[in-house]
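Enquirer: Quick one: the structure is below, and I'll ask about it shortly.
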Amino acid sequence: MPPTDVKNQPRSSETVAMQAPLPDRYDPAEIEVRWQQRWDAEPELYRAEPPHSGKPKYYVLEMLPYPSGQLHMGHVRNYAIGDALARYMWMQGYNVLHPMGWDAFGLPAENAALKNQTPPREWTLQNIAHMRRQMCRLGLSYDWQTEITTCLPDYYRWTQWFFLRMLEHGLAFRKKSKVNWCPLCATVLANEQVIDGCCWRHEDTVVEQRDLEQWFLRTTRYAQELLDGLDHLPDWPEKVRTMQRNWIGRSEGATIEFILDPAPETETGRDRGKVPLPPPEGFVAGAPIAPDAVRIPVFTTRVDTIFGATSLQLAPQHPLVQQFAQADERLAAEVASLIEEQKKAREAGDPGAIDKHGTFTGHYAINPFSGERVPIWVANYILLEYGTGAVMSVPAHDERDFEFAKKYGLEVRIVILPRRTLEPAAAGKPDEPVLPYTEEDSLLINSGEYNSMGCQEAQKKLAAFAEEHGFGKTTVTFRLKDWGVSRQRYWGAPIPVLYCPKDGIVPVPDDQLPVLLPEQVEITQQDGSPLSRVPSFVNATCPRCGGPARRETDTMDTFVDSSWYFYRYPDAHNASAPFSREKIDYWFPIDQYIGGVEHAILHLIYSRFWTRVMRDLGLVGNDEPAIRLFTQGMVISNGAKMSKSRGNVVSPDDMIARYGADAARMYSLFAAPPDRDLDWQEDGVAGVSRFLGRVYRLAMRYRDAVRSQAGQPPAAPTSPLAQALLRKLHQTISKITQDFAGRWHFNTDIAAVMELVNEITAAEAGLAEMPPETSARLMATIVPSLILLLAPFAPYLTAELWSETGGTGVLLRQPWPGFDPDLAREEELEIPVQVNGKLRAVVRLLPDPGSEAMQQAALAEPKVQAAIAGKQVVKVVVVPNKLINIVVK
């Protein structure tokens, strides 16, 4: 590595300015631009060493950004956290990989192209260039030689290659299904991209349901493994793991098939559709079901309550409902109304909190256990995408069913009661529980031959009976659905398949990858992919039969690109494979991943799925992409999350121009704990800038003294003043070191450095009275350590001061300062303990132990115990940090 001392560099047009005398005033613009030019000329500075360099490895990564055009201070906070950690780990002697790239495909670029009449590729690459310049100006320690851009063919070639491997292994498939459609984006959305019923990109746009042929990735094959894997990620935030558990949504139960009663409805009167009807004549539970019978599968976690099912509720979009509605105009109108209510509930944010409405279909279903014909209703609180879209309604033992039954007067039948009320020792008639009663520690009643069984025993026997007789089975269901990856838009990776009239779906051969995205395409927001209107793209030759074929014109969801990008960084220029297994085995899993919690069930769950697929293909050896995850808080401006869509962004360019990059970065770390939201205040940036100016002036005052002591051993605490300063220094080093190793209290770390600077400044009068060599030795110990402590947070200023105070070598590779545990230990206080006003003992405690700790320490002291033996303690008077008086009689 080249030396850091700027004045020792060869003279050139770039170094002449560096050799000019430094002003007394801290000038971040002059200092930072000069050092940025130097770092730009040293491409090896932030490069990771090859695998097996002999150093421990550390892969630190912030989530790659979408190139929207410019960074704002919300981005800066995320990157400043990762940059501080990367710099600290370099100083700890690690081989650090700290890369950056661009999540460059996606609808925003396409929408910007429509708005600005600029091709998406041109728009995106311009934005990338600008944002890269911003990152460099911020002094972020990225190795740009590992940069990846997902919209370039050298990257999406491998995205297509992965798709073909999944197609070969049955993980990619095409089917017609109901999909989420955003009318504003004019494309399909994955389930995970529907937030409270609205598009993740447009919070006020309600998502519609459409029937389309789509490509899917079989995420459900890994549902259980994705769930189990969360137990092996203790260093992920619990809120993220909980969100993923809830989204995967494992439910154990049984699927039971009710049978549509083929007999025409004969029930009339006020109870029509409100009570079950008697079983069909000759019904026997478990008897063979007619081959032409219409089965209605119902998933339930409480099959033990099936004898309490007094109706069946179907989702308004259920195929059977649509069939009923075709022959009944009244029903059709009411179903349409229920669907509209569901849409409004989604728009409001919580479909589960909907005001429950429904209508009777005029049809009945046969309960396969009891033979009762239960009325079939349509209900707006039943969602087609969950379970089977059909629910057996047991009002006495389910809260939602109870609410619905009370509204419409449906029968409520109790079939389980608390075990204690039914045991032989219980006298008299059992008390009726408060409904709905849902406890599993219960016994069955009104359930035929299953009466008096415990709920769990009954669940096993009922499910086994259903499976034995062909109308049900034990079932585990997941809320997680297969990932729909087709998008009817232009700006995405083309799906590499062809449709041949003779051979059907034909994968594009590997040697024909990448399937290039054509550049001159007219983009409109009408339905259907713009690629479908490009004959030169659509028309192709079948690689199997040589005949004419048609290309797939949908592109892949942008989350496909970001599901594996971090595996490309260690081998970004590999032209023969997505990456080298040797390099992946060395660098993975990621040691620290940093990003927003909003990606908990989007990017983070997709990337965990993708890692497992690659593992099963033999490409990687790890199960999880990252062993530690940190989700930073948001930057709030004008009461809302800082974002371009809200028009409340604060540009780092403005902050850098006014206060410098170091001040902007440090404020984002200092103003709040990194996991909490930060309320943006520009005055705070100005305050940090003033502090950095103090550090600059302090170090420059002692520059010559520090240089004069080069090579000398550290100062010893030879006087009370030296003792106090060295103690404060070592306490600060200890605190920051421990915080980097555990939870990152960067705000209090920076505050600790500020306290250290305050104490040094306050001691300067005393330093002036010391012998010059003694004070020089002391400051030659303190000032370099102060610079090293600030290096992860303010790289420009500290590089300048390291050079000016005679530091040798690149600051980034300097050893992190160590601390003396004895000096770092806080001084204990000697606190007198009195009994009835008479001194009996002295206890030693750290400062500010708290009244309760002081009291416990006093009462545990043997001399005090002897003094109060046989007496009653009336009260203990505690004067914090000063005195304890025990009053006895």
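Enquirer: Do we find that G253 is loosely packed, with under 15 Cβ neighbours inside 10 Å and among the small types (G, A, S) in this structure?
Expert: On the way: loosely packed, with under 15 Cβ neighbours inside 10 Å: no; among the small types (G, A, S): yes.
Answer is no for this residue.
Enquirer: Would you check which residues across region 838-889 are in contact (Cβ under 8 Å) with a residue 40 or more places away in the chain, over 45 Å from the mean Cα position of the chain (by Cα) and not in a strand (DSSP E or B) and list them?
Expert: Matches in region 838-889: K882 only.
Enquirer: Can you confirm whether D271 is open to solvent by 60 Å² or more (accessible area, probe 1.4 Å) and at pLDDT 95 or above?
Expert: On the way: open to solvent by 60 Å² or more (accessible area, probe 1.4 Å): yes; at pLDDT 95 or above: no.
Here the answer is no, as D271 does not meet what is asked.
Enquirer: May I pose another question? Of the conditions (1) surrounded by 16 or more Cβ atoms within 10 Å (Cβ to Cβ); (2) part of a helix (DSSP H, G or I), A129 fails just one. Which one is it?
Expert: The single condition A129 does not satisfy is (1).
Enquirer: Would you say Y437 is on the phi < 0 side of the Ramachandran plot, touching an Asp or Glu at 6+ places or on another chain (Cβ under 7 Å), among the aromatic types (F, W, Y) and assigned to a loop (DSSP other than H, G, I, E, B)? Before the answer, list the steps.
Expert: Values: on the phi < 0 side of the Ramachandran plot: yes; touching an Asp or Glu at 6+ places or on another chain (Cβ under 7 Å): no; among the aromatic types (F, W, Y): yes; assigned to a loop (DSSP other than H, G, I, E, B): yes.
Answer is no for this residue.
Enquirer: Going residue by residue through region 671-692, is there one that turns out to be among the hydrophobic types (A, V, I, L, M, F, W, C), at pLDDT 90 or above, open to solvent by less than 40 Å² (accessible area, probe 1.4 Å) and more than 35 Å from the chain's Cα centre (by Cα)?
Expert: no
Enquirer: Evaluate region 225-232: report whether one residue or more is open to solvent by 30 Å² or more (accessible area, probe 1.4 Å) and at pLDDT below 85.
Expert: Scanning region 225-232 turns up no residue that is open to solvent by 30 Å² or more (accessible area, probe 1.4 Å) and at pLDDT below 85.
Residue by residue, here is whether (1) farther than 23 Å from M91 by Cβ; (2) under 46 Å from the mean Cα position of the chain (by Cα); (3) open to solvent by 40 Å² or more (accessible area, probe 1.4 Å); (4) of a type outside the set (S, T, N, Q) holds:
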{"position": "G711", "(1), (2), (3), (4)": "no, no, yes, yes"}
{"position": "I736", "(1), (2), (3), (4)": "no, yes, no, yes"}
{"position": "I760", "(1), (2), (3), (4)": "no, yes, no, yes"}
{"position": "S775", "(1), (2), (3), (4)": "yes, no, no, no"}
{"position": "I787", "(1), (2), (3), (4)": "no, yes, no, yes"}
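Enquirer: Then there's this: Out of A791, A866, which single residue is open to solvent by 10 Å² or more (accessible area, probe 1.4 Å) and of a type in the set (G, A, S)? Quick ask: steps written out before the conclusion?
Expert: Details: A791 fails: open to solvent by 10 Å² or more (accessible area, probe 1.4 Å).
Among A791, A866, only A866 is open to solvent by 10 Å² or more (accessible area, probe 1.4 Å) and of a type in the set (G, A, S).
Enquirer: Determine which single condition A285 fails, assuming it passes every other condition in (1) surrounded by 15 or more Cβ atoms within 10 Å (Cβ to Cβ); (2) on the phi < 0 side of the Ramachandran plot; (3) touching a strand residue (DSSP E or B) at 6+ places or on another chain (Cβ under 8 Å).
Expert: So A285 meets the others, but not (3).
Enquirer: Taking the criterion of being assigned to a loop (DSSP other than H, G, I, E, B) and over 30 Å from R665 (Cα atoms), would at least one residue in region 159-169 satisfy it? It would help to see each step written out before you state the result.
Expert: Filtering region 159-169 for residues assigned to a loop (DSSP other than H, G, I, E, B) gives 169.
With the extra rule that they be over 30 Å from R665 (Cα atoms), the set shrinks to 169.
Scanning region 159-169 turns up at least one residue that is assigned to a loop (DSSP other than H, G, I, E, B) and over 30 Å from R665 (Cα atoms).
Enquirer: Say whether the condition of being in contact with a His (Cβ under 7 Å, 6 or more places away or on another chain) and more than 23 Å from H599 (Cα to Cα) is met by at least one residue in region 141-152.
Expert: Taking region 141-152 first, the residues in contact with a His (Cβ under 7 Å, 6 or more places away or on another chain) are 141-143.
Of the ones still in play, those that are also more than 23 Å from H599 (Cα to Cα) are 141, 143.
Yes, region 141-152 has at least one match.
Enquirer: Against the conditions (1) in a loop (DSSP other than H, G, I, E, B); (2) open to solvent by 10 Å² or more (accessible area, probe 1.4 Å), where does Q209 fall short? Just the number, please.
Expert: (1)
Enquirer: In region 137-157, which residues are open to solvent by less than 30 Å² (accessible area, probe 1.4 Å) and either touching a residue at least 60 places away in the same chain (Cβ under 8 Å) or over 26 Å from the mean Cα position of the chain (by Cα) (or both)?
Expert: Filtering region 137-157 for residues open to solvent by less than 30 Å² (accessible area, probe 1.4 Å) gives 138-143, 146, 148-151, 155-156.
Residues satisfying the conditions are L138, G139, L140, S141, Y142, D143, T146, I148, T150, C151, Y155, Y156.
So that you can scan it fast, the table gives a plain yes or no per residue for (1) open to solvent by 30 Å² or more (accessible area, probe 1.4 Å); (2) modelled with pLDDT under 95; (3) closer than 23 Å to F324 by Cβ; (4) touching a Leu at 6+ places or on another chain (Cβ under 7 Å):
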{"site": "A379", "(1), (2), (3), (4)": "no, no, yes, no"}
{"site": "L384", "(1), (2), (3), (4)": "yes, yes, yes, no"}
{"site": "A390", "(1), (2), (3), (4)": "no, no, yes, yes"}
{"site": "P395", "(1), (2), (3), (4)": "no, no, yes, yes"}
{"site": "R400", "(1), (2), (3), (4)": "yes, yes, yes, no"}
{"site": "K406", "(1), (2), (3), (4)": "yes, no, no, no"}
{"site": "E411", "(1), (2), (3), (4)": "yes, no, yes, no"}
{"site": "P418", "(1), (2), (3), (4)": "no, yes, no, no"}
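Enquirer: Output the residues belonging to region 227-278 that are part of a loop (DSSP other than H, G, I, E, B) and among the basic types (K, R). Write out each step before concluding.
Expert: Quick first cut of region 227-278, residues part of a loop (DSSP other than H, G, I, E, B) only: 233-237, 249, 261-276, 278.
Within region 227-278, R270, R272, K274 meet the criteria.
Enquirer: Looking at region 812-837 only, could you name the residues that are open to solvent by less than 50 Å² (accessible area, probe 1.4 Å), assigned to a loop (DSSP other than H, G, I, E, B) and not polar (S, T, N, Q)?
Expert: W816, P817, G837 - these are the residues of region 812-837 that are open to solvent by less than 50 Å² (accessible area, probe 1.4 Å), assigned to a loop (DSSP other than H, G, I, E, B) and not polar (S, T, N, Q).
Enquirer: OK, next. So Q525 ticks every box in (1) surrounded by fewer than 19 Cβ atoms within 10 Å (Cβ to Cβ); (2) over 30 Å from D398 (Cα atoms); (3) at pLDDT 95 or above but one. Which box is left unticked?
Expert: (3)
Enquirer: Then there is this: Just to be sure before I move on: is T305 polar (S, T, N, Q) and surrounded by fewer than 24 Cβ atoms within 10 Å (Cβ to Cβ) in the structure I sent?
Expert: On the way: polar (S, T, N, Q): yes; surrounded by fewer than 24 Cβ atoms within 10 Å (Cβ to Cβ): no.
Taking the combined requirement at face value, the residue does not satisfy it.
Okay, residues lined up against (1) at pLDDT below 90; (2) closer than 30 Å to Q37 by Cβ:
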position	(1), (2)
L811	no, yes
R825	yes, no
L839	no, no
I886	no, no
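Enquirer: Continuing with this model, one more query. I need the full set of residues from region 65-82 which are modelled with pLDDT of 95 or more and either under 13 Å from P652 (Cβ atoms) or assigned to a loop (DSSP other than H, G, I, E, B) (or both), in order please. Explain how you work it out, then say what you get.
Expert: Residues of region 65-82 modelled with pLDDT of 95 or more: 79-82.
Those that are modelled with pLDDT of 95 or more and either under 13 Å from P652 (Cβ atoms) or assigned to a loop (DSSP other than H, G, I, E, B) (or both): Y79, A80.
Enquirer: Only one residue in T388, T361 is in a loop (DSSP other than H, G, I, E, B), in contact (Cβ under 8 Å) with a residue 40 or more places away in the chain and touching a strand residue (DSSP E or B) at 6+ places or on another chain (Cβ under 6 Å), so which one is that? Give the derivation first.
Expert: Numbers: T361 fails: in a loop (DSSP other than H, G, I, E, B).
Sole residue among the options that is in a loop (DSSP other than H, G, I, E, B), in contact (Cβ under 8 Å) with a residue 40 or more places away in the chain and touching a strand residue (DSSP E or B) at 6+ places or on another chain (Cβ under 6 Å): T388.
Enquirer: Contact list please: Cβ distance under 7 Å, first residue in region 454-472 and under 9 Å from D304 (Cβ atoms), second residue loosely packed, with under 15 Cβ neighbours inside 10 Å and among the acidic types (D, E), pairs at least six apart or on different chains.
Expert: Listed by first residue and then by second, the contacts come to C455/E440; Q456/E440.
Enquirer: Still on this structure, I have one more. Output yes when any residue across region 175-197 is free of Cβ contacts under 8 Å to residues at least 40 places away in the same chain and not in a strand (DSSP E or B), and no when none is.
Expert: Within region 175-197, one or more residues are free of Cβ contacts under 8 Å to residues at least 40 places away in the same chain and not in a strand (DSSP E or B).
Enquirer: Something else: Which of the numbered conditions does V649 fail, given that it passes all the others? Conditions: (1) without any contact (Cβ under 8 Å) to a residue 60 or more places away in the chain; (2) touching a His at 6+ places or on another chain (Cβ under 6 Å).
Expert: V649 satisfies all of (1) without any contact (Cβ under 8 Å) to a residue 60 or more places away in the chain; (2) touching a His at 6+ places or on another chain (Cβ under 6 Å) except (1).
Enquirer: Follow-up question, since we're still on this one. Please give the helices (runs of 4 or more DSSP H) falling wholly within region 725-811 in which 3 or more residues are out of contact with any Phe, Trp or Tyr (no Cβ under 7 Å at 6 or more places or on another chain) and among the acidic types (D, E).
Expert: Details: elements: 746-762, 764-769, 772-790, 795-804.
Qualifying helices (runs of 4 or more DSSP H): 746-762.
Enquirer: Considering L164, L189, L140, which residue is in contact with a strand residue (DSSP E or B) (Cβ under 7 Å, 6 or more places away or on another chain) and under 28 Å from A600 (Cβ atoms)? Show your work before the answer.
Expert: Working: L164 fails: under 28 Å from A600 (Cβ atoms); L140 fails: in contact with a strand residue (DSSP E or B) (Cβ under 7 Å, 6 or more places away or on another chain).
Step by step, each of L164, L189, L140 is checked, and only L189 is in contact with a strand residue (DSSP E or B) (Cβ under 7 Å, 6 or more places away or on another chain) and under 28 Å from A600 (Cβ atoms).
Enquirer: Within region 497-522, can you find the residues that are open to solvent by less than 40 Å² (accessible area, probe 1.4 Å) and in contact with a Gly (Cβ under 7 Å, 6 or more places away or on another chain)?
Expert: Selection gives C500 alone.
The values are calculated or read from the model by the stated rules, or taken from the named source; none is laboratory data. On a predicted model such as this, the values are computed, not experimentally measured, just so you know. Heads up, the Cβs are rebuilt from the backbone with ideal geometry, glycines too, and the neighbour counts pull from every protein chain shown. For accessibility, only protein heavy atoms count, side chains too; no ligands or nucleic acids. Shrake-Rupley method; radii C 1.70, N 1.55, O 1.52, S 1.80 Å.
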